[in-house]
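The structure appears right after this line, and notes come after that.
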Amino acid sequence: MSQDSRGSGRRAARRSRRKPTTKRRRALTISAWTAAGVVLLGGAGLGYFYVKYNSNLKSVDIDAALGKDRPQNVDNGSMDILVLGSDTRGGDNAQYGADDGGSARSDTAMVVHLYDGHKQASIVSIPRDTMVNRPACTTSNGKTAKPTFEQFNEAYTVGGAACAVKTVESMSGIRMDHYIEVDFTGFKKIVDSLGGVPLTTTKPIKDDKGSHLDLPAGSHKLNGEQSLGLVRTRKSVGVGSDLGRIQLQQAFIKALIKQVKSIGVFDNPKRLLAVADTATKAITTDKGLGDVKSLMGFAAGLQGLGAENMHMVTLPVMDYPKDKDRVIPLEKESKQVWEALRGDRPIPEEATQNSANDKSGAGSIVQ
């Protein structure tokens, strides 16, 4: 993507000014948005649990980190959330690979656009291997990392949540209203607290080198470890690309949301408290969602949103000519996606028809 393309995206965003919103009000990552936010509704009025859950939550002040160098908010009733799954290999996550010394990448990235009224949503997955123009970012030691052309998930490694948000805003011209992040261990615990997630595989999945998932074809109720294996599986499905993994993730999200709605969390106080406690420990949010009251308000706005109301796509990409293991956004089609979301409109079908996503071969494996 050229510097000119990035500039035009920013100018388009500025033409669509929106007044600063008041506090309005959840997935790897994934489950952070669905389970964590929704289940907290049941804690209303329980003062002890307000205190308990507030102490669980971790937050990042994105607004303070990025200042005014951001797209303007669009006052049209919509909301945009960047949802990340981080893959740090330190601490409890060390079992999923060699300890990386505390560094991490955004293993999963999704822009969740809630349309006006919050009854419909479009979710755009950004492949971690996408080559993008990363803007200048502040590193953890306070230095400035110069802008460069590199793989998308490096942004989180360079400057954490703020740099990831800044990179997405630079790509899209859309200001992120909120940020939610969950890591490997937190994801597993959320799924287990929900009693597992039912889904059906049309083909066996056996991943000896990556996730170590071994599932025969058929119906399953995946526990946390198996669910994490599914959303991390890459080499053993389709053509073995990150695009195939994204299709597995998108199918799992819908199954997860159906499970949250089907098990009657709100009618089972013991499960409700267990899920709420697990979810608030598992996620990191922006400061605007960094307390129970705000997170509950956010969740209240999602009550009418179900899996059937979500349109999931992957950012339109093509193979990167200089590296077959990387992809690059299709300029025209990506612009169509971001412009639709900026205008609170549905993403047009033609925007994703020519993408390399359709060649991944993993779309029909999970139902």
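The values are calculated or read from the model by the stated rules, or taken from the named source; none is laboratory data. All of these numbers come straight from a predicted model, not from anything done at the bench. Glycine gets a Cβ as well: all are built from the backbone with ideal geometry, and neighbour counts include every protein chain shown. Side chains included, ligands, DNA and RNA excluded: accessible areas come from the protein's heavy atoms. Shrake-Rupley method; radii C 1.70, N 1.55, O 1.52, S 1.80 Å.
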Residue satisfying all of: in the range 216-239; open to solvent by less than 10 Å² (accessible area, probe 1.4 Å) and not in a helix (DSSP H, G or I); modelled with the highest pLDDT among these: L222
In the range 319-349, the residues that are among the acidic types (D, E) and within 21 Å of P71 (Cα to Cα): E331, E333, E339, D344
Complete set of residues in the range 178-203 that are open to solvent by 30 Å² or more (accessible area, probe 1.4 Å) and not in a helix (DSSP H, G or I): D183, G195, P198, T200, T202, K203
For H311: the one exception among (1) out of contact with any strand residue (DSSP E or B) (no Cβ under 6 Å at 6 or more places or on another chain); (2) modelled with pLDDT of 90 or more: (1)
Qualifying residue in the range 323-330 (condition: at pLDDT 90 or above and either hydroxyl-bearing (S, T, Y) or assigned to a helix (DSSP H, G or I) (or both)): no
Test for G186: is it modelled with pLDDT under 95 and closer than 30 Å to A276 by Cα: yes
Any chance P346 is exposed (fewer than 15 other Cβ atoms within 10 Å of the Cβ) and on the phi < 0 side of the Ramachandran plot: yes
Qualifying position, being of a type in the set (D, E, K, R), farther than 25 Å from V366 by Cα and surrounded by fewer than 17 Cβ atoms within 10 Å (Cβ to Cβ), among K281, K261, K287, K206: K287
2 or more residues at pLDDT 65 or above and open to solvent by 30 Å² or more (accessible area, probe 1.4 Å): qualifying strands (runs of 3 or more DSSP E) within the range 37-148: 58-60
